[in-house]
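Peer 1: Would you mind keeping the following structure in view while I ask a few things?
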Amino acid sequence: ADFQLTQAKLAQMATTIDSAALLTYRAAWQRDRGENVTREAAMAKMVATEGAQQVIDGAVQLFGGMGVVSEVPVERLYREIRALRIYEGASEVQQLIIGRELLREWQAMPEVSR
């Protein structure tokens, strides 16, 4: 933890986790207000799962050789994250949902606003 590169990696990991959490909170807040959250939920899922992959990969790197030893929590997480990236729709599916919703919103805008 004394090394600047390690601190930078930890900062990036924390920022990735926070950004996913904020997208999730926004989707939940909009849902609580009765709004359609298709796009926001897809964004939150995509950023959370892709971010989790990056964070776990970074953790494995920080652990070095111990990061790939069986029964070490970071190694288990490294294996499990793949299923999370597929469950409820792969990231590519989430991208299609987000794009479709953006286009739907754009088409619903008055001509003057486009």
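Peer 1: Under 7 Å between Cβ atoms, which residue pairs at least 6 apart in sequence (or on different chains) link something in region 88-114 that is in a helix (DSSP H, G or I) with a partner that is basic (Lys, Arg) and open to solvent by 70 Å² or more (accessible area, probe 1.4 Å)?
Peer 2: Listed pairs, sorted by first residue: Trp106/Arg114.
Peer 1: For the list (1) touching a residue at least 24 places away in the same chain (Cβ under 8 Å); (2) over 28 Å from Glu105 (Cβ atoms); (3) in contact with a helix residue (DSSP H, G or I) (Cβ under 6 Å, 6 or more places away or on another chain), I need the number of the one condition that Gln61 fails.
Peer 2: Unmet condition: (3).
Peer 1: Tally time: how many residues in region 26-59 are part of a loop (DSSP other than H, G, I, E, B), of a type outside the set (D, E, K, R) and open to solvent by 50 Å² or more (accessible area, probe 1.4 Å)?
Peer 2: So the answer is 2.
Peer 1: List every residue pair whose Cβ atoms lie under 6 Å apart, where the two residues are 6 or more positions apart in sequence or sit on different chains, the first residue falls within region 1-29 and is closer than 19 Å to Gly64 by Cα and touching a residue at least 40 places away in the same chain (Cβ under 8 Å), and the second residue, located anywhere, is of a type in the set (A, V, I, L, M, F, W, C) and surrounded by 15 or more Cβ atoms within 10 Å (Cβ to Cβ).
Peer 2: That search, which allows pairs on different chains as well, returns Met13/Val55.
Peer 1: Return the residues of region 85-114 that are polar (S, T, N, Q), open to solvent by less than 70 Å² (accessible area, probe 1.4 Å) and either at positive phi or modelled with pLDDT of 90 or more (or both); say none if nothing qualifies.
Peer 2: The answer is Gln94, and nothing else.
Peer 1: If a residue must be open to solvent by 90 Å² or more (accessible area, probe 1.4 Å) and over 21 Å from Arg82 (Cα atoms), how many such residues does region 1-25 contain?
Peer 2: 8
Peer 1: Which residue, of Ala11, Ala21, is of a type in the set (A, V, I, L, M, F, W, C), farther than 20 Å from Leu96 by Cβ and within 10 Å of the chain's Cα centre (by Cα)?
Peer 2: Ala21
Peer 1: For region 1-30, which residues satisfy the criterion of being under 18 Å from Gln94 (Cα atoms) and among the basic types (Lys, Arg)?
Peer 2: Residue satisfying the conditions is Arg26 alone.
The values are calculated or read from the model by the stated rules, or taken from the named source; none is laboratory data. Here the structure is a predicted model, which is why all the values come from computation and not from measurement. Cβ: placed from backbone, ideal geometry, glycine included. Neighbour counts: every protein chain shown. Just the protein is used for accessible areas: all its heavy atoms, side chains included, with ligands, DNA and RNA removed. Shrake-Rupley method; radii C 1.70, N 1.55, O 1.52, S 1.80 Å.
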